[in-house]
Amino acid sequence: MKVYRGLNPYALFEERVLDGAASPGQAVVRSGGKFAATSVESTLHAILTDKANVLAGNELGAAYADGDNVEAYVPQNGEKIEMILAAGMTVSKDDALFVNSDGYLEKVADGETQFAIADEDAKTTTAVGTIKATVSIL
């Protein structure tokens with residue numbers, strides 16, 4: 001998996017220890033000086049990158065374990081990203097997306113805070129997938 005970042009020359013990347021397991025393309029939050037897979041819906045997310053996998057010679061997209069040193073990217077409005085799409089989703093281009101409590105994107109239904117707009121159609125069944133989107137935090 002590749003996390004796309006926009007042309008922002010001031011892009012904010014952070015390196016921290018991971019609290020729990022997570023995968024590149026999953027949203028994380030800062031928690032006690034570490035990154036943790038999100039457990040609350042929020043617009044203040046960072047997205048795990050594959051940099052630590054590349055540096056360690058691991059397969060791209062390989063999951064990170066609890067205690068791994070990881071890098072996450074803090075996206076800005078208008079930037080292109082690729083993130084994990086939750087299982088059981090049918091998304092059309094231009095659908096509004098939010099980050100669920102697992103750190104995956106889902107289609108906005110009722111009351112969720114928009115995080116991004118889908119750049120493509122995507123469908124997942126019983127497994128998660130990926131989707132390209134544009135950050136659009138409302």
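The numbers here are math on the coordinates, done by the rules we state, and not lab data. Since we're looking at a predicted model, the values are computed, not measured. Cβ: placed from backbone, ideal geometry, glycine included. Neighbour counts: every protein chain shown.
Rounded to the nearest 20 debye, the dipole magnitude of region 80-135 is 120 debye, with +1 charges on Lys and Arg beta carbons, -1 on Asp and Glu beta carbons, and the Cα centre as origin.
Sorting LEU18, LEU48, LEU85 by the number of Cβ atoms found within 10 Å of their own Cβ, with the fewest placed first, yields LEU18, LEU85, LEU48. Selection among GLY61, GLY129, GLY88 by position relative to the dipole of the chain gives GLY61 as farthest towards the positive end (Cβ unit charges, Cα centre). Exposure proxy ranking for THR113, THR134, based on other Cβ atoms within 10 angstrom of each Cβ and starting from the fewest, stands as THR113, THR134.
Sorted fewest first by neighbouring Cβ atoms within 10 angstrom, VAL128, VAL70, VAL54 come out as VAL54, VAL128, VAL70.
Checking the a/c ratio against 1.5 first, then a/b against b/c, what shape does the Cα gyration tensor give for region 80-135? Judged from the Cα gyration tensor, region 80-135 comes out rounded (a/c under 1.5).
Computed from point charges on the beta carbon alone (+1 for Lys and Arg, -1 for Asp and Glu), the dipole magnitude for the chain about its Cα centre is near 220 Debye. Stretched out straight at 0.36 nm per residue, the stretch from GLU112 to ALA65 would grow longer than its current Cα-Cα span by 14.0 nm.
Plainly put, the chain has a radius of gyration that is 0.94 times its Kirkwood radius, both from alpha-carbon atoms, as the Rg/Rh ratio.
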